[in-house]
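Peer 1: Below is the structure I would like to discuss, written out as structure tokens.
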Amino acid sequence: MSEKLNELIEAVRKNRKYSVWTKEQNIESYSKELLDEAKEVILSIENNDLENLKEELGDVLWDALIMMAICEEKYGISIDSAIGSVIDKFKRRKPHVFQEKIVSLDEEKRVWKAEKEKEKKEKESKKVIRINNDAEKNGMIFINTDGGSRGNPGLAAIGIIIRDKNDKIIELYKEKIGVTTNNVAEYKAIIKALNLAKNYTNNEIILSSDSEVVVRQITGKYKISKDHLKVLFDEVKKEEKNFSKVGYNHVFREDLYQSKADALVNQALDER
């Protein structure tokens, strides 16, 4: 079994290296291949076609490994780390299996649900680095946001710094947001920042970003041609309604707080 799996992984890596078509694929384009094969599996089950099911399951495994190989190459997410991640997760969620014990269905569900909730809380806690609970409510606040991807498109993250009128940091926030472009990441950082700001004020906000393009788009100085960015623009405008006034500044990355927001983005991207 392990020899066959290792042989398959090696074949996947060779395919990525020597197949012109496969080399041209990214995770967005190849995800459609994986989805199509998953649909073929379902069709085989519905038709009770066991011979075809065996083939289609193999195709799903092949395509999943191709996706892992692309992530390994582009984003440094190795196949071994992906496999290790799922093993570790199931060790936490189904410990009785690895202890070779049988428990009741209710107990299995209870442990699974509890561990899943714990994992969710831990992920959320990693996003918020620091909160100053003594911050003045409904005072003017200042925000620096940054969003970036490694590859454009590539694995992306956002970083946010929220300060009060006395320049005390109220909150630092970082989060991976999946694979997307720099512009989308910049927009999502602003949307998230405005959403977080509702916890502190409904008054005036000054938001700074090092993306001159996005700042000029949001302030109406540049037109937006791409539909997916128009959707994000509308989300920004919706969030703005929660405050008496929202102003936007373009700042350079070397700015004290902007550089900190940029550092948060890189911290999030570096986390495994």
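Peer 1: How many residues does region 77-97 contain that are in a helix (DSSP H, G or I), of a type outside the set (A, V, I, L, M, F, W, C) and either touching a Phe, Trp or Tyr at 6+ places or on another chain (Cβ under 6 Å) or more than 18 Å from Leu8 (Cα to Cα) (or both)?
Peer 2: Within region 77-97, residues that are in a helix (DSSP H, G or I), of a type outside the set (A, V, I, L, M, F, W, C) and either touching a Phe, Trp or Tyr at 6+ places or on another chain (Cβ under 6 Å) or more than 18 Å from Leu8 (Cα to Cα) (or both) number 8.
Peer 1: Just one of (1) in contact with a Ser or Thr (Cβ under 6 Å, 6 or more places away or on another chain); (2) surrounded by fewer than 17 Cβ atoms within 10 Å (Cβ to Cβ); (3) closer than 17 Å to Glu124 by Cβ trips up Asn203, so point out which.
Peer 2: Here Asn203 clears every test but (3).
Peer 1: Could you say which residue among Tyr18, Tyr75 is outside the structural domain of Gly154 (by TED's automatic domain parsing) and either at pLDDT 95 or above or within 25 Å of Asn152 (Cβ to Cβ) (or both)?
Peer 2: Tyr75
Peer 1: Inspect all residues belonging to region 73-89 and state whether any of them is in contact with a Cys (Cβ under 8 Å, 6 or more places away or on another chain), surrounded by 12 or more Cβ atoms within 10 Å (Cβ to Cβ) and either β-branched (Val, Ile, Thr) or on the phi > 0 side of the Ramachandran plot (or both).
Peer 2: Yes.
Peer 1: Can I ask one more? From the list Glu33, Glu56, Glu100, which residue is without any contact (Cβ under 8 Å) to a residue 40 or more places away in the chain, farther than 19 Å from Gly151 by Cβ and either assigned by TED's automatic domain parsing to the domain that holds Thr181 or not in a helix (DSSP H, G or I) (or both)?
Peer 2: Criteria check complete, one pass: Glu100.
Peer 1: For region 253-262, which positions are free of Cβ contacts under 8 Å to residues at least 60 places away in the same chain and part of a helix (DSSP H, G or I)?
Peer 2: Selection gives Leu256, Ser259.
Peer 1: How many residues does region 218-233 hold that are assigned to a helix (DSSP H, G or I) and touching a residue at least 12 places away in the same chain (Cβ under 8 Å)?
Peer 2: Matching residues across region 218-233 total 5.
Peer 1: I've got another one for you. Just one of the numbered conditions (1) touching a Phe, Trp or Tyr at 6+ places or on another chain (Cβ under 7 Å); (2) closer than 19 Å to Thr180 by Cα is not true of Leu269; which one?
Peer 2: Only one criterion in (1) touching a Phe, Trp or Tyr at 6+ places or on another chain (Cβ under 7 Å); (2) closer than 19 Å to Thr180 by Cα is unmet by Leu269, namely (1).
Peer 1: So if I check each of Val215, Val184, Val265, Val236, which one is assigned to a helix (DSSP H, G or I) and over 22 Å from the mean Cα position of the chain (by Cα)?
Peer 2: Step by step, each of Val215, Val184, Val265, Val236 is checked, and only Val215 is assigned to a helix (DSSP H, G or I) and over 22 Å from the mean Cα position of the chain (by Cα).
Peer 1: Among Ile129, Ile158, which is under 30 Å from Asp255 (Cβ atoms), aliphatic (A, V, I, L, M), at pLDDT below 95 and in a strand (DSSP E or B)?
Peer 2: Unique residue meeting the criteria: Ile129.
Peer 1: Which residues, counting only those in region 219-235, are out of contact with any helix residue (DSSP H, G or I) (no Cβ under 6 Å at 6 or more places or on another chain) and not charged (D, E, K, R)?
Peer 2: Result: Thr219, Gly220, Ser225, His228, Leu229, Val231, Phe233.
The values are calculated or read from the model by the stated rules, or taken from the named source; none is laboratory data. Owing to the predicted nature of the structure, the values given are computational and were not obtained by experimental measurement. So basically every Cβ, Gly included, is an ideal-geometry build from the backbone, and we count neighbours across all protein chains shown.
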